[in-house]
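Read the structure below first, then the notes.
The values are calculated or read from the model by the stated rules, or taken from the named source; none is laboratory data. A quick note: this is a predicted structure, and the numbers were derived from the prediction, not measured. Quick reminder, even Gly has a Cβ in these numbers, built from the backbone with ideal geometry, and neighbours come from all protein chains shown.
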Amino acid sequence: MTQSMTTEGAQSAPPILSVSGLGKSFGAVHALSQVSFDLRAGEAVGIVGPNGAGKSTFLAALTGAFAPSTGTILLDGTDVTGTPAEIMCQRGVVRTHQIPRPFGGLTVFENARLAASFGGPENGDADALAYDALKLCRMLPLANTQADRLGLLDRKRLEMARALATSPRVILLDEVGGGLTDAEAEVLVEIIREIRASGCAIVWIEHIVHVLLQVSERLICMDMGRIIADGEPQAVMRDPAVMEAYLGQGVT
């Protein structure tokens with residue numbers, strides 16, 4: 001499937017993040033193989049695929065959790081392949097995790113402020129960054145609540161707020177809808193729409209496809225460590241290779 005973008009501006013703008021031939025092996029296991037991907041400022045890209053497809057490994061490689069075995073990662077045209085996660089965060093590329101792990105003994109505000117202090121821009125106002133992130137994530141009423149007292153939805157929102165407090169240009173979301181009811185997932189959809197409207201680029205892995213499609217203008221499907229489809233969301237979901245790999249429907 002050929003790649004497609006939704007606007008002429010997105011098509012002509014240089015990518016903020018560009019990946020070429022990315023691979024990652026763990027011994028004999030090839031978690032990623034020849035993954036190439038461009039992301040432009042303000043773009044919202046969804047990623048789907050079966051368990052074990054390499055989706056979370058892809059996010060980990062992009063954010064510097066480990067160095068890829070092959071390939072290159074460019075940020076604004078500069079090679080950042082293998083750059084440690086803390087440096088990638090300071091350069092504006094940050095991720096959330098499937099299982100939120102806030103600092104339970106700290107308040108919601110203290111968690112966000114800590115992220116802003118160590119991951120945010122140099123000389124940034126950590127209090128202001130934390131406040132703005134919590135406001136966007138509808139967490140201000142819980143600012144003084146100890147994090148280990150939060151329910152799942154609020155932990156997910158705090159995970160997003162901590163990422164936003166670093167002032168990212170690219171935010172990578174790893175199954176933030178997992179374990180939530182449809183109504184709770186809708187709360188996150190509204191937040192993610194606001195993040196996109198702010199100009200931050202989004203890459204969102206999600207198994208709840210109907211939720212993902214409410215935000216994503218472009219959809220990627222991965223299988224066995226490779227990208228097998230990339231383009232307009234409905235076209236990707238109709239692709240025979242996607243139905244075979246992701247939906248488990250045989251194609252005749």
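Taking segment 203-246 as the region of interest, how many residues are under 14 Å from the mean Cα position of the chain (by Cα) and either of a type in the set (Phe, Trp, Tyr) or surrounded by fewer than 17 Cβ atoms within 10 Å (Cβ to Cβ) (or both)?
Looking only at that region, the number is 2.
Working only within segment 120-140, note down all residues that are in a loop (DSSP other than H, G, I, E, B) and not small (Gly, Ala, Ser).
Within segment 120-140, Pro121, Glu122, Asn123, Asp125, Cys137, Arg138, Met139 meet the criteria.
Among the numbered criteria (1) of a type in the set (A, V, I, L, M, F, W, C); (2) buried (at least 21 other Cβ atoms within 10 Å of the Cβ); (3) touching a Pro at 6+ places or on another chain (Cβ under 9 Å); (4) in the same structural domain as Arg113 (by TED's automatic domain parsing), which one does Ala161 miss?
Of the numbered conditions (1) of a type in the set (A, V, I, L, M, F, W, C); (2) buried (at least 21 other Cβ atoms within 10 Å of the Cβ); (3) touching a Pro at 6+ places or on another chain (Cβ under 9 Å); (4) in the same structural domain as Arg113 (by TED's automatic domain parsing), the odd one out for Ala161 is (3).
Somewhere in segment 98-111, is a residue touching a residue at least 60 places away in the same chain (Cβ under 8 Å), out of contact with any helix residue (DSSP H, G or I) (no Cβ under 9 Å at 6 or more places or on another chain) and buried (at least 18 other Cβ atoms within 10 Å of the Cβ)?
The answer is no, given that none of the residues of segment 98-111 is touching a residue at least 60 places away in the same chain (Cβ under 8 Å), out of contact with any helix residue (DSSP H, G or I) (no Cβ under 9 Å at 6 or more places or on another chain) and buried (at least 18 other Cβ atoms within 10 Å of the Cβ).
Just for segment 27-56: of the residues that are among the hydroxyl-bearing types (Ser, Thr, Tyr) and either farther than 26 Å from Cys200 by Cα or modelled with pLDDT under 95 (or both), which one is surrounded by the most Cβ atoms within 10 Å (Cβ to Cβ)?
Ser56
Which residues, counting only those in segment 60-74, are assigned to a helix (DSSP H, G or I) and surrounded by fewer than 22 Cβ atoms within 10 Å (Cβ to Cβ)?
Ala60
Checking Thr7 against (1) at pLDDT 95 or above; (2) over 18 Å from Arg226 (Cβ atoms), which single condition isn't satisfied?
It fails just one condition, (1).
Hey, among the residues in segment 122-138 that are touching a Phe, Trp or Tyr at 6+ places or on another chain (Cβ under 9 Å) and buried (at least 22 other Cβ atoms within 10 Å of the Cβ), which one's farthest from Arg155 (Cα to Cα)?
Within segment 122-138, the match that is farthest from Arg155 (Cα to Cα) is Ala130.
Inspect all residues belonging to segment 58-66 and state whether any of them is over 16 Å from the mean Cα position of the chain (by Cα) and at pLDDT below 95.
Among the residues of segment 58-66, at least one is over 16 Å from the mean Cα position of the chain (by Cα) and at pLDDT below 95, which makes the answer yes.
Looking at (1) in a helix (DSSP H, G or I); (2) touching a strand residue (DSSP E or B) at 6+ places or on another chain (Cβ under 9 Å); (3) under 30 Å from Ser25 (Cβ atoms), which is the only condition Glu86 fails?
All conditions pass for Glu86, except number (2).
Results for (1) touching a residue at least 60 places away in the same chain (Cβ under 8 Å); (2) buried (at least 17 other Cβ atoms within 10 Å of the Cβ); (3) not assigned by TED's automatic domain parsing to the domain that holds Val35, shown as yes or no for each residue.
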| position | (1), (2), (3) |
| --- | --- |
| Asp76 | yes, no, no |
| Pro84 | no, no, no |
| Arg113 | no, yes, yes |
| Gly120 | no, yes, yes |
| Val176 | yes, yes, no |
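Cβ-Cβ distance below 8 Å, separation of 6 or more or different chains: which pairs start in segment 229-240 with a residue that is outside the structural domain of Asp38 (by TED's automatic domain parsing) and end on one that is outside any loop (DSSP other than H, G, I, E, B)?
none
Determine, yes or no, whether Gly64 is assigned by TED's automatic domain parsing to the domain that holds Asp239, in contact with a helix residue (DSSP H, G or I) (Cβ under 6 Å, 6 or more places away or on another chain) and farther than 20 Å from Val236 by Cα.
Values: assigned by TED's automatic domain parsing to the domain that holds Asp239: yes; in contact with a helix residue (DSSP H, G or I) (Cβ under 6 Å, 6 or more places away or on another chain): yes; farther than 20 Å from Val236 by Cα: yes.
Criteria met by Gly64.
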